[in-house]
Each structure stands twice: as C-alpha cells, then as structure tokens.
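S.K.: Please find one structure pasted underneath; my questions will follow.
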Amino acid sequence: MSKRKHLVAPSLLSADFAHLHDDITMVNQSEADWFHVDIMDGVFVPNISFGFPVLASIAHYARKPLDVHLMISDPDKYLGQFKELGADHITVHLEACTHLNRTVHAIRELGCTAGVAINPSTPVSLLHEIVEDVDVVLIMSVNPGFGGQQFIEGTYRKIKELRRLAEERNDRLLIEVDGGVSIHNALALLKAGADILVAGNSIFAAKNPIHAIAELKRIKPDLISV
Ligand code: DX5
Ligand code: ZN
C-alpha cells in the first residue's frame, strides 16, 4: 500500500476563462500542489484550448508550479517557448512523438521535469524503453480533448502495471492520472499507485472548489483498509 504523499493538480481547462484570475487566485489559496494546464492544437486532439498568450497570463498570477500537458502534434518545435513562459513540468504524448527519447531529453535540458502521457488505448508496455528517462508518466483516464468526460475503468489496471514497472526501473517516477477524477474514485486511484491527481470538472463545477481540492488532498490511502 502506498505511503507516498500525493499531489493534486486542478486542471484550468474547466475554469471560467472570463474570470481566469479569480480561479487562479482560488487555486493559489487552496491546498492544491500544481496548476495543470492543457494545451490542445486541434490536430492531435479534436479540440483547441488556448495558447501562448493565455499561458503567459496564467504564469503571471500562478504561485504554484505549472504542469503543462501538451496535447499537440510535433511538440519539439515549441518546448523552448513553453519553458520561457513559465512551464515547470512539461508532458508530451507518446503517440505524438516520433523520437520520444530525444524529446524527453530536450525537456530536461531546458531545466523542466519531463513527463510522457499515454492515451487510454496505449499499453503501458510501450513505456519500457523510456520509463528510466522520465520524471512523470501521465495515464489518460479519458480520451484526451475535453473536460467532464466519464472515467475509463481499465485505468486502475494500467496504474498497477506501471507501478510495478516503476518499482523495477525507476522508483522516483511519479504516476499522474488525468480525466474523470473525483472524490469518488480518488482513493482507489491512489491505492492502485497514482501519485498525482488531475481534476477539472470535479473541482471547478463544485459548489466550493477550495473544499473539493481539500477533500482530494486529505485522502489518506494508507489509513483506510480495503
Ligand atoms: C483532457 C485533459 C484533462 C481535463 C480533465 O484531455 O487532459 O486535464 O481537463 O478534466 P476532467 O477532470 O473534467 O475530466
Ligand atoms: Zn490534462
């Protein structure tokens, strides 16, 4: 059973973009650990979120690390710009990178921590040759592109398999889970081996988002028996 301290990363995709400053302030004041920032290009995923000017504004007000999740084709072209604008952690999709090893090392050379994300249909076994070179693996628990989708149950099996792989090959690896995460499945996700919970809709659509973050943060997987 995991005794690691888990992190909570609210996804700004579900924030109110007309009042983004308010939502950033809320996250600053909350128990959240990171800001999760979803960049979509309309090519790798069937949606466009926001780009550099909005990221710059977020970085200006955010007082916690920026976890930038790139759902874009050919991310190599833009890594330097994301770093310049304030990204602390950069995650690229395995499915979007022809030379993933090169991309991951480029992220680290910029001074960011490097993450690799896998889609729901991508097996954990495809991470075997990269797991030692990354800081984070992000397991998508919905098909990427939209907030507020239903959690895919097969995710638990993938987290457990990845945790076993990490124990053998990279015990510093952080496992991030993204999509359909809420107070209803967070405990099970942490018990399966997740370290970072990304949550959009379940935080920003809550009556009290600060409380929703606190609830996710205060779960103690090692004190509750299965
Ligand atoms: C989806 C994004 C997620 C999204 C999660 O492609 O990567 O970060 O914002 O939103 P929820 O928690 O609403 O599923
Ligand atoms: Zn995301």
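S.K.: Would you tally the residues in segment 13-32 being open to solvent by less than 40 Å² (accessible area, probe 1.4 Å), of a type outside the set (Gly, Ala, Ser) and within 18 Å of residue 183 (Cα to Cα)?
M.R.: Matching residues across segment 13-32 total 1.
S.K.: I would also like to ask the following. Six or more apart or on different chains, Cβ under 6 Å: which pairs go from a residue in segment 132-144 that's farther than 11 Å from residue 116 by Cα to one that's open to solvent by 10 Å² or more (accessible area, probe 1.4 Å) and part of a helix (DSSP H, G or I)? Could you list them?
M.R.: Correct list of pairs: 132/169.
S.K.: Of all helices (runs of 4 or more DSSP H) completely enclosed by segment 153-226, which ones contain at least 3 residues that are more than 17 Å from residue 10 (Cα to Cα) and more than 16 Å from ligand 2 (Cβ to nearest atom)?
M.R.: 155-169, 186-192
S.K.: Condition first: under 25 Å from residue 48 (Cα atoms) and in contact with a helix residue (DSSP H, G or I) (Cβ under 9 Å, 6 or more places away or on another chain). Now tell me which residues in segment 14-33 satisfy that.
M.R.: Listed by number, the residues that qualify are 14, 15, 16, 17, 20, 21, 23, 24, 25, 26, 27.
S.K.: Same structure, new question: Among the strands (runs of 3 or more DSSP E) contained in segment 79-151, which hold 1 or more residues that are modelled with pLDDT of 95 or more and farther than 23 Å from residue 59 by Cα?
M.R.: Of the strands (runs of 3 or more DSSP E) lying wholly inside segment 79-151, those with at least 1 residues that are modelled with pLDDT of 95 or more and farther than 23 Å from residue 59 by Cα span 113-118, 136-140.
S.K.: Still on this structure, please answer the following. Could you figure out which of (1) within 14 Å of the chain's Cα centre (by Cα); (2) free of Cβ contacts under 8 Å to residues at least 40 places away in the same chain; (3) within 11 Å of ligand 1 (Cβ to nearest atom) isn't true of residue 175?
M.R.: Of (1) within 14 Å of the chain's Cα centre (by Cα); (2) free of Cβ contacts under 8 Å to residues at least 40 places away in the same chain; (3) within 11 Å of ligand 1 (Cβ to nearest atom), only one is false for residue 175: (3).
S.K.: Considering (1) within 15 Å of ligand 2 (Cβ to nearest atom); (2) at negative phi; (3) not acidic (Asp, Glu), say which one residue 100 fails and leave the rest.
M.R.: The one condition residue 100 does not meet is (1).
S.K.: Shifting gears a bit: Against the condition in contact with a helix residue (DSSP H, G or I) (Cβ under 7 Å, 6 or more places away or on another chain), without any contact (Cβ under 8 Å) to a residue 60 or more places away in the chain and charged (D, E, K, R), how does residue 169 come out, does it pass?
M.R.: Spelling it out, residue 169 is indeed in contact with a helix residue (DSSP H, G or I) (Cβ under 7 Å, 6 or more places away or on another chain), without any contact (Cβ under 8 Å) to a residue 60 or more places away in the chain and charged (D, E, K, R).
S.K.: Out of all the residues in segment 60-107, which are more than 15 Å from ligand 1 (Cβ to nearest atom), open to solvent by 10 Å² or more (accessible area, probe 1.4 Å) and within 17 Å of the chain's Cα centre (by Cα)?
M.R.: Residues satisfying the conditions are 62, 64, 65, 83, 86, 88.
S.K.: Would you point out the residue of segment 33-52, among those that are of a type outside the set (A, V, I, L, M, F, W, C) and part of a strand (DSSP E or B), that is surrounded by the most Cβ atoms within 10 Å (Cβ to Cβ)?
M.R.: The extreme case among them is 36.
S.K.: Right, next: Among the candidates 148, 180, single out the residue that is within 16 Å of ligand 1 (Cβ to nearest atom), small (Gly, Ala, Ser) and surrounded by fewer than 17 Cβ atoms within 10 Å (Cβ to Cβ).
M.R.: Only one candidate qualifies: 148.
The values are calculated or read from the model by the stated rules, or taken from the named source; none is laboratory data. Everything quoted here is computed from the prediction, not taken from an experiment. All Cβ positions, glycine included, derive from the backbone under ideal geometry; neighbour counts span all protein chains shown. For the accessible areas, the whole protein counts, side chains as well, though only heavy atoms, and no ligand, DNA or RNA atoms are used. Shrake-Rupley method; radii C 1.70, N 1.55, O 1.52, S 1.80 Å.
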